[in-house]
Structures are given as structure tokens and as C-alpha cells.
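Please read the structure below before turning to the comments.
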Amino acid sequence: MQGMALVGCGSAVPAASVTNQQLSARVDTNDDWIRSRTGIGARRIAGPLESLTTLATRAAQAALDHAGWRAEDLDLILLATSSPDDLFGTAPRVQGALGASRAVAFDLTAACSGFLFSLITAAQYLGSGSMRRALVIGADQLSRWVDWDDRRTCVLFGDGAAAVAVEACPAAETGLLGFRMRSDGSRNACLTLAQTDGHELLLDGITAQCGGFAPIQMNGQEVYKFAVREVPAILADLLEGTGTAAAELDWLLLHQANQRILDAVADRFAVPHSRVLSNLAHYGNTSAATIPLMLDEAVRDGRVRPGHLLASSGFGAGLSWGAALLRWGGPEP
Ligand code: COA
């Protein structure tokens, strides 16, 4: 089994930023409530000239440039998203826009766990020796799917895309030192973006369903309890399984959903808050994009350096959650 090196990253966010203050003109909320409960100060919202495809393509191209690769070098493009431009798949559009003519491209849906699940999936193809170079993209445009009159959810989410370039390498040099993945569909109702139950009488005795999705529905308190229980548990299991002490970690790179969740996880492992990466204040929860978006920012500003050890965890709808122990192997910024 080969290893997988993380050798480049890139990101792209929409041009428009909406602050909490601005949002309070649209829905009954305020900056103080949102900041104190979530840590979010603003979010990016994709406009009419932007799309999941354009954001994901820009992020992917930036990751290719960072790794020093050409698009034709790619064997695989995995796009983690729950908000595709096309339900048949958005990854092939990105592949086409990049000109990655040799790469197979497909979407993977696991909500806010999607990026980590995709990274782990890519590692299986690289590890088996069947592929050498892949781009793993996390991209979401949940602003399409929030109810802007539901203040309990609409303040939380934003749009964005980010990508990581990964390459097969000798097992001893791998950047994926261990992982865990979990799902619990019995708690699915806690957080959904579900098919609506519209239907149409097609023929006598035959009724067909109509396509369409209801806006995001969330039981915030249940999701919060899930996150502060399961994320520390899965990280503890991963650290124990890989023989890693929390003190050895350079960074905690968690899904950016809520600052209180980040702080609770850090406290559980006695990781100083200065070693917890957070950009919630600027972007909110960009779902599958949060982890690579945060990684890209921290790599580019020099916080994450080659050789640094990161414990990452994604969690969200499904319910789904996962964790990975990563060593950054990209170039200096
Ligand atoms: N602005 C102002 N007031 C708000 C508000 C908003 N945006 N959203 C909710 N409120 C109000 C509620 O109406 C409620 O008022 P009431 O007591 O008069 O009915 C009060 O604030 C408390 O609401 P509650 O839902 O109990 O708040 P909370 O402390 O649980 O915080 C979340 C809500 C969403 C911030 C919190 O539950 C959370 O972060 N959950 C996890 C969500 C998450 O991470 N989801 C994504 C996972 S990938």
C-alpha cells in the first residue's frame, strides 16, 4: 500500500461578503447574538455570475498552481458537495473547465464531512497504486438552500470552495497517518436538505413525484450536542490508534461550524486555543469547504508549515463524522 502526500492547496470564495449587521436588515437577528453563540461575523454569498462550478474550478486551479502541476497530470478529481450545480454531477464540469482530460471526476456527498471523506477515498485509489495524482475539492453553495426567514439557520452558512492536491508516495512518507469515519442515519432528521413531497398525477392510477428540495432544516441543539460528544470521541480514538499525544499536534483543523464547538474540542485535549485554526468570523460554515478553506489560508499565511502535524475532524448532516491525522507536505507559501 502506497502513502498519500498533501502537496498543494487553493481556495476561492464569492466576491460578496455579508456581515451580521447587514443580515439583520433582512431577518430578525443581530451581530451580538450571532457572534456570541457562533463566532461568525460575516459570510460570502455567491452572486448571479458565480456558481459552484466557477468557485470549485478557481480553487482547483489554485491548488494545481501551488503544487506545480498541469491539469493533464491529474488522474482523479473528487468534488465533495451537497449543493451541486447539476444533480447528475458537478465534478465533470470542473474537469472540463480545468482541461484535466485524463482525469475521472465525480461528486461525493457527505455534507460537512464530505471533504474528509473524499480525502480518505482518494487515499484508497492512490494507495492501491491505480492512480498517482488527485485533486480533492470541498465546495458548497448552501446560500441556495437556506430559508432567509429562518434566523436559526440562515445566519450560520456561507459559500466557498477549496482544494487539496494529493499524490501517491512511499508509505513511510504519507501525509494521511490515520483516519476514522462514522455515519448514524438514525439521527438523520437533525439536519436535512430533503426532497419535497410534491407529486403529479401522470396517468390514471400512476402518480409521479416532482423534483425539488426543501430549505435546510436543523435541530440546532441536537446537532450541537452531537458535535461536542462525537468529535472528541472520534479524535481520541484516532490519536490513541496512531499512538499520538495531543501535545504533539501543531494544529487542530476542525470543521468550522461554531467557535464554541472548536473551543470545547480543544479544551477536551488541552490544546491551547492559539493552536486551533478558525476563520468562522469571515466565512461562517461553508460545509464541505471549511476544512480545506481553513488549511489553504493557514498554509498561505505561513502558520501551517511543511512537516506540521494536524488533527482534523469533519461532522454534520447524515449524521456523519470523521477524523484524520494529517502531515502537511506542500511547498513553502
Ligand atoms: N438571532 C437572534 N436570536 C436567535 C437567532 C438569531 N440568529 N437564532 C435563534 N435565536 C433565538 C431563538 O429564537 C431563541 O429565542 P427564544 O428563547 O425566545 O425562543 C434563542 O435565540 C435561543 O435559541 P436556541 O436555538 O436555543 O439557541 P442555541 O443556544 O442552541 O444556539 C445555535 C443556536 C444554532 C447557534 C446552536 O444550537 C448551534 O450552534 N448548533 C449547532 C449548529 C451547527 O453547527 N450546525 C451545522 C453542523 S455542520
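The values are calculated or read from the model by the stated rules, or taken from the named source; none is laboratory data. Note that this is a predicted model, so its numbers are computed, not measured. Neighbour counts run over all protein chains shown; Cβ positions are idealised from the backbone, glycine included. The area values use the complete protein model at the heavy-atom level, side chains included, leaving out ligands, DNA and RNA. Shrake-Rupley method; radii C 1.70, N 1.55, O 1.52, S 1.80 Å.
Centroid-to-centroid, using Cα positions, region 262-333 and region 170-239 are 20 Å apart. Sorting W251, W328 on solvent-accessible area from highest to lowest, probe radius 1.4 Å, gives W251, W328.
Split the accessible area of region 39-97 by element, probe 1.4 Å, and carbon with sulfur accounts for 56%.
Run the dipole for the chain about the Cα centre, Lys and Arg Cβ at +1, Asp and Glu Cβ at -1, nothing else charged, and hand back the magnitude in debye, nearest 20.
Details: 26 positive and 34 negative charges, 111 e Å.
I would put it at about 540 debye.
Compute the normalised compactness of the chain: alpha-carbon radius of gyration over 2.2 N^0.38 Å, N being the residue count.
On the way: Rg = 19.4 Å, N = 333, 2.2 N^0.38 = 20.0 Å.
Normalised Cα radius of gyration, the chain: 0.97.
Solvent-accessible surface of region 125-165, averaged per residue with a 1.4 angstrom probe and all protein chains in place: 32 square angstrom.
Close amide H contacts of G39 (hydrogens built in the peptide plane, cut-off under 5 Å, sequence separation of 5 or more or a different chain): Q259. Scoring 86-96, 153-163, 271-281 by mean Cβ neighbours within 10 Å over their residues and listing the highest first yields 153-163, 86-96, 271-281.
Ranked from the most accessible area to the least, with a 1.4 Å probe and all protein chains present, what is the order of M1, M181, M131, M294?
Numbers: M1 160, M181 80, M131 35, M294 0 Å².
Sorted by accessible area, descending: M1, M181, M131, M294.
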